[in-house]
1. Against the definition (out of contact with any strand residue (DSSP E or B) (no Cβ under 6 Å at 6 or more places or on another chain) and farther than 25 Å from Leu413 by Cβ), how does Gly460 come out, yes or no?
2. Within region 129-168, track down each residue that is aliphatic (A, V, I, L, M), modelled with pLDDT of 90 or more and within 29 Å of the chain's Cα centre (by Cα).
3. In the list Val360, Val349, which residue meets the criterion of being β-branched (Val, Ile, Thr), closer than 24 Å to Ser253 by Cα, at pLDDT below 90 and crowded, with 21+ Cβ neighbours inside 10 Å?
4. Mind listing whichever residues of region 316-366 are among the charged types (D, E, K, R), assigned to a strand (DSSP E or B) and out of contact with any Phe, Trp or Tyr (no Cβ under 8 Å at 6 or more places or on another chain)?
5. Could you pull out the residue among Gln525, Gln552, Gln564 that is under 42 Å from the mean Cα position of the chain (by Cα) and polar (S, T, N, Q)?
6. Restricting attention to region 476-495, report how many residues are touching a Ser or Thr at 6+ places or on another chain (Cβ under 8 Å) and closer than 18 Å to Asn392 by Cβ.
7. Which condition does Thr583 not pass, out of (1) touching a helix residue (DSSP H, G or I) at 6+ places or on another chain (Cβ under 7 Å); (2) under 30 Å from Gln447 (Cβ atoms), if it passes all the others?
Amino acid sequence: MQPEPVGASLIASPIEKALDMPPKMVTYAPPERKMFLTMINAKFASILILVLVSFSAAAAQNVALKTETSASVSTRSQQFLPLVEVKEGMRGTARTVFRGSEPEEFNVEILGVLPGGVGPKQDLIIGRLSGGGADRTAVFAGMSGSPVYIDGKLVGAISYSFPFAKEPICGITPIEQMVAIFEQKQADRSKPLEPRAVSFAELSATNWQPGFPKNNPVSGALLSGINANSPLMAVAGLSFQPIATPITFTGFSQETLNLFAPQLMQAGLLPVSSVGGSAAITPMKKADEKTLLGGTSVSMQLTRGDYSLAAAGTVTWRDGEKIYAFGHPFLGLGTSDLPMSESHVVTVVPNINNSFKLAVPDAMVGSMTQDRATGVYGSLGRAPKMIPVRINVQTSRGQTDTLNFEVAKDDFLTPLLLNIAVYNTAVAQERSLGDSMVEITGKIKVQGHDSLKIQRRFAGANATQFAAASVAAPVSALLRSRFDGLHISGIELNLASNDGSNTAVLDRISLDRTRAVAGETVEVQAYARTNSGKIFVQKIPVLIPADTPAGQLSITVGDGFAIQQASSIQQFVPRDLAELIRTINKLKLFDRLYVQIVRTSNGAIIGASEMPNLPPSVLATLNNDRTAGGVRPAVQTVVSDVPVAPAEFIITGQQTLSIEVIK
């Protein structure tokens, strides 16, 4: 008889006993092991159930998504009239607001379809308007986006017109093309692969000009469609043009409108004065089922508060929280983030050249997020990012005032809007003719970084324009850099203006000695001549650095522009946002004198970094025969560079003297 294995026992079942069968050997398992195996099996079963549930939920979600997409396509097929079904001779109706906030209907007759009428695979339906308010206004600025219906189905948006047309002929953007371009995945605005080179002249510019995202003909776009200087002016009005977008100004003087109208018209915007008050800075209104329906007036608020600029158009179609409007580009911004508001129309002004509507923005209800070839797209309930601006004004008469407003955040629009607002603030409080002196100080707050400082003075007939540009230029440089984490949290400015022009020219300079020891202080006398011929003297103490080696030095006294122009470094490539802000804050000011001490040495310039007094071995390595470019020789080393305390006059010019350093 063989011994039983350990942990095993002979157990006979009742059936085995009845049939007189030998018992089976069953392995013994302790109670703890049985519990462990039971727990493992339970956990495995639980995981299996969770996996099955997850797959089921995902499958159900995909089915629901496909069902929703199919339902959406089916719904649109019922609401839209396909372009292939649009035929010559069809008649329908269009809706737009002529007065108030309720759309009115008028008639549209289809004259035909122009394949590729405005671009590749972008067809244009041609129509003739009649009846209702259209008999009085024809096609007018602000009508862009007005929906056209045939047999109750949406065809498209009135968006183009013939300048100087004798009949109200319009171009209609098919709704299919408007929706299709926005249904594609729209990526966020990308940042450059490499940092952009920035010139010091650009950062300190006083004649800043906006770089328009599109280059429409100046002024002629609104009248003839062709630049006034073009030889094609003889055949003006023979091509379709996007219907102009009226932009209403509140809080701005007529002089400001006259000055900036050419810039705005170049971008396809028609400046008109507004009859309403400024748009208050209020919280976003919650949209309901009646918000921005097809045919209602919509405004893109570029600024709001004490200053208000709003571009007016018409809603083509609302799909849930999605808003489609205009039927042509607004500014061609691509990805954008502009406040989208309800608006009401005071009236449509009939005009021989170009009729337009006067619209007043109401409550903000969302954001315009896309500006593309076939229209603009917005989202209800989405709050745009705005930049708060505060301007404290002090006039020559001792009066003070404070203006508060918000500007839209955009690479192109923000600098332009600030330029207009700062200029208007100056001319609204002071004289607009003759010489004046304007001082502007303040800071541009950047979240998580040091503030960008502004401290400039300007004099002459164009002082107010220069002051406005001194704010727009650095803001433009910041926004165009597109560094990660860039968020301008606020702008605070102090503006002071006085009559007259306190300017002078640096006539000559003199030194109290021609030789000095390192560590000593010499005195430079600067002689400046005013416009009236009067000469005044400014004494400037100059310290020779203690570590300056013996030899000849050059001492230059000049304004910031002249000193910067003579510098070997004219541009730089910022590595990050902090370096860009730091460099802007160290810019030499055109209205300030500087004393610069320079000596001859062997060095090099790599990028924006000056490396003086390099050993011969390093110079040989940098200038070897196997490499070229990236390094420039520097024969002048800046020993000292300090600003001079500001004088009563703005002094310009540059003078240089030599001094010998002895031991």
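The values are calculated or read from the model by the stated rules, or taken from the named source; none is laboratory data. The structure displayed is predicted, hence computed values, not measured ones. Positions of Cβ are backbone-derived with ideal geometry, glycine not excepted, and every protein chain shown enters the neighbour counts. Note: areas computed on protein heavy atoms with side chains; ligands, DNA, RNA excluded. Shrake-Rupley method; radii C 1.70, N 1.55, O 1.52, S 1.80 Å.
1. Working: out of contact with any strand residue (DSSP E or B) (no Cβ under 6 Å at 6 or more places or on another chain): yes; farther than 25 Å from Leu413 by Cβ: yes.
Yes; evaluated as a whole, the condition is true for this residue.
2. Correct list: Met143, Ala157, Ile158.
3. Exactly one of Val360, Val349 is β-branched (Val, Ile, Thr), closer than 24 Å to Ser253 by Cα, at pLDDT below 90 and crowded, with 21+ Cβ neighbours inside 10 Å, namely Val360.
4. Correct list: Asp319, Asp337, Glu342, Asp362.
5. Matching residue, one of Gln525, Gln552, Gln564: Gln564.
6. Number of matching residues: 3.
7. All conditions pass for Thr583, except number (1).
Residue-by-condition table, conditions (1) on the phi > 0 side of the Ramachandran plot; (2) of a type in the set (Val, Ile, Thr); (3) open to solvent by less than 30 Å² (accessible area, probe 1.4 Å):
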residue	(1), (2), (3)
Leu506	no, no, yes
Ala516	no, no, yes
Ala528	no, no, yes
Phe536	no, no, no
Lys539	no, no, no
Pro549	no, no, no
Gln552	no, no, no
Ile555	no, yes, yes
Ala566	no, no, no
